[in-house]
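Structure first, then comments.
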2 protein chains.
Amino acid sequence: MDLKAVFEGGTGRRRGTPDSFSENEVRLANRNSGILLESLCDPVTPVGQHYLLIHFDVPALDAATHRLDFAEGFDAPFSIDMAGIRALPRQTRTVTLECAGNGRRGHASRSQSMPWGVEAVGTAEWTGTPLAPLIERARPAAGTVDFVFTGADRGFDDGVEHNFGRSLTPDQLAALDVLLVYEMNGAPLLPQHGAPLRLIVPGWYGMASVKWLSRVDAVQTPYQGFQQVRTYRYRDRAEDPGIPVTEMRVKSLMVPPGLPDWSSRARRVRPGPVQVQGRAWSGGGVPITRVELGWGDTWIDATLTPAETGFAWTGWSCVWPAEPGEYVLRCRATDARGAVQPLDPPWDVAGFGNNATQAVPVLVAEA
Amino acid sequence: MDLKAVFEGGTGRRRGTPDSFSENEVRLANRNSGILLESLCDPVTPVGQHYLLIHFDVPALDAATHRLDFAEGFDAPFSIDMAGIRALPRQTRTVTLECAGNGRRGHASRSQSMPWGVEAVGTAEWTGTPLAPLIERARPAAGTVDFVFTGADRGFDDGVEHNFGRSLTPDQLAALDVLLVYEMNGAPLLPQHGAPLRLIVPGWYGMASVKWLSRVDAVQTPYQGFQQVRTYRYRDRAEDPGIPVTEMRVKSLMVPPGLPDWSSRARRVRPGPVQVQGRAWSGGGVPITRVELGWGDTWIDATLTPAETGFAWTGWSCVWPAEPGEYVLRCRATDARGAVQPLDPPWDVAGFGNNATQAVPVLVAEA
């Protein structure tokens, strides 16, 4: 490994081809973990099964001493500890989060990064306090164009040393109902999920929900942090300035039916009616209006179990009349804005926002 | 994908070459999850960070109705529910488990299976009741040569449909102090760790610690289950009958020092004394007697923090005098039997038992 090149940057991301993944990609896949698809039966993802995308190392933070600083660019800057945050009005919200890179593996020409298949998603009950009143209390200076949220996690990407940081505009903050979170599924936030304090930005891809949150600043010129402008942008070509990745695109997943093969994860099902179930979600709190199950040119409608809130996924189920043969089983969601999942990945040079339908190979055969 | 070939078997495992991994391997890496190496600071692996190797799907078992059957081959067969098991004498033991395939990625000629780097390890406080008194109560028939432990997880491997199953001989059972476990780190076992009931076989690689345990049989001829004879054997060549994989080999890991690079996970450290720490373990309850930290031809001794029990890993730490340059940092453990970790992977056709030293690329440079 050429360490100088790694830490001085400028090498850019290599590209991968189908069925040939690099050791860097596999190392990331071993480190970051996806949901176990069979847990899509559960409306809330079980402890330890929610997806994790960790850019650097999990920082060792002590909840007893950790503080959140409302620092630069405020007329009334202040610092608050976890006891102070816990004393504020408490809210619990069920929110589905998906990694913006989910589906990257499905691109024929793949950017070498975390090679997610479909499993970078999860739903949790997040407990915390709304962020907006704290921002108001700090009184952002006139002319603020971005609020910058900085985590305690630090490392290098493409030669640039930085703490993970993301920004939201005042308009976005007003619209988004962002939560400062310290509990997950009724228990203290686990270290790997951002303990002791993280953001949850409902309806957006996961990169906005900054973990290990340590600092908030208000800035007078658009934030240029690495994770804001160098990545998490939709780009046709590497040299495009790109469009920021924000809301999740409409998507659905199924619990793969039948029995798995160990090494390919393909499925074997016996002929007859097969109950197939899964979850569907979209961004921005937009409800799911339809989910279809498909094989070949046939699509049938699933029955929806409406979500309790606008930001949690929707359950669906239907009966597949499985006849002997080989199939690629798919599910396809539509949201209330009329957005429908495509069959093929929408092009993006870094593989963001791939909401193409899940494709599950199934052999239907007698024992 | 040729589904008939997948489910009829006989295709065998393909082999991989360095820096070219297949989609099947990446799919397994996304699904199975390793420890986050920074948590090696902790004597007990935090919830949700213990490694997971799941052969098929996590079965949905109900603790209220689940039963363990002492079935065939006993003179006094019986069935016991979870309340019955919880009423038995309770023991908590801290045990380190490692996947037998840990390190497979380090082989130059690699069997295409789960491509673990070094992260398939973890330590937990396991609570349950000793297995041996229950076996005695069932009174194994004269001539028993194996006890067979069968999980509720079912699927295909190389065309063979089976429930995950493993066996131990009466002599092994007498020597091993096997625990029937229903709690992990003081909480009910999580579904993905084998809820509601699993084995813990201290000192052995993880394949022996059958999850979702449903049935025990006593047999009069050696058990020929897929997971006992077709895999988890050390073999020079694919056609060897092989030697069963049993106890863990001596091994150590470090918390990689300094800051990571996102895509390569290489490290950048500033010059000066650097505290490096980690954990070391061996199989069969054999204590760790020495850990060294090495770079180039230099090795220095680490200070050991003795483990509380013979089956939990041992902490170690030392100070690395980091001078500007590029390094491969390694750690190397020795156990009380005199076994020492090799620098290069011991050959095995399927990549089992690779206890070669961890190699961490580090750039030491000023900011």
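In terms of packing, defined here as the mean over residues of other Cβ atoms within 10 angstrom, the peptides B:354-361, A:136-143 line up highest first as B:354-361, A:136-143. Summarising the amide proton neighbourhood of residue B:302: residues at separation of 5 or more, or on other chains, whose placed amide H is nearer than 5 Å comprise B:291, B:292, B:293.
Using the Kirkwood radius over C-alpha pairs as Rh, can you work out the diffusion coefficient of region A:251-364 via Stokes-Einstein at 10 °C, viscosity 1.306 mPa s, in µm² per second?
Approximately 108 µm²/s, per Stokes-Einstein.
Once a ≥ b ≥ c are taken as the square roots of the eigenvalues of the Cα gyration tensor of region A:1-109, is the result rounded (a/c under 1.5), prolate (a/b larger than b/c) or oblate (a/b not larger than b/c)? Since a/c reaches 1.5 but b/c is at least a/b, the shape of region A:1-109 is classed as oblate. Sorted from closest to farthest, the other copies place their residue B:5 label points 3.5 nm away, with each point set 7 Å from Cα along Cα→Cβ.
Ignoring aspartates and glutamates fewer than eight residues from residue A:211 along the same chain, the ones with Cα atoms less than 15 angstrom from its Cα are A:57, A:62, A:69, A:98, A:153, A:183.
Which loop trypsin sites (Lys or Arg not before Pro) in region A:295-343, with loop taken from DSSP, have no more than 16 other Cβ atoms within 10 angstrom of their Cβ? Working shown, then result.
Details: sites: A:330, A:332, A:337; in loops: A:337.
Counting only loop positions with at most 16 other Cβ atoms within 10 Å, the trypsin sites (Lys or Arg not before Pro) in region A:295-343 are A:337.
Within the listed set B:44, B:181, B:274, the Gaussian network model of chain B (springs between alpha-carbon atoms below 10 Å) gives the highest mean-square fluctuation for B:274. Placing a pseudo-label 7 Å from each Cα along the Cα-to-Cβ vector at residue A:299 and residue A:224 gives an inter-label distance of 4.5 nm. When B:41, B:99, B:331 are sorted by how many other C-beta atoms sit within 10 angstrom of their C-beta, beginning with the fewest, the order is B:41, B:99, B:331. Each other copy holds its own label point for residue B:287; taking that point as 7 Å from Cα along Cα to Cβ, the gaps run 6.7 nm, nearest first.
Shown for residue A:342: label points 7 Å from Cα along the beta-carbon vector, and their distances to the equivalent points in the other copies, 4.9 nm in ascending order. Applying 0.36 nm per residue to the separation of residue A:76 and residue A:17 and subtracting their alpha-carbon distance, the gain on full extension is 16.0 nm. With a cut-off of 15 Å between beta carbons, the residues surrounding residue B:36 carry a summed charge of +1, where Lys and Arg count +1 and Asp and Glu -1.
By the beta-carbon count within 10 Å of each Cβ, the least crowded to most crowded order of B:96, A:221, A:127, fewest first, is A:221, A:127, B:96. Normalised by 2.2 N^0.38 Å, with N the number of residues, the alpha-carbon radius of gyration of the protein assembly as shown equals 0.96.
Give the shape of chain A as rounded, prolate or oblate, defined through the alpha-carbon gyration tensor: a ≥ b ≥ c are the square roots of its eigenvalues, a/c under 1.5 means rounded, and otherwise the shape is prolate if a/b is larger than b/c and oblate if not. Working shown, then result.
Numbers: a/c = 1.98, a/b = 1.51, b/c = 1.31.
Prolate shape, in that a/c is at least 1.5 and a/b is the bigger ratio.
Here the residues B:300, B:54, A:80, ranked from fewest to most Cβ neighbours within 10 Å of their Cβ, fall in the order B:300, A:80, B:54. Compute a Gaussian network model of chain A, connecting alpha carbons closer than 10 Å, and tell me which residue from A:158, A:146, A:301 fluctuates the most. Comparing A:158, A:146, A:301 in a Gaussian network model of chain A, the most mobile one is A:158.
Each value in this text was obtained by applying a stated rule to the coordinates, not by laboratory testing. These numbers were taken from a predicted model, which means no experiment stands behind them. In this analysis, Cβ positions are derived from the backbone assuming ideal geometry, glycine residues included, and neighbour counts consider all displayed protein chains.
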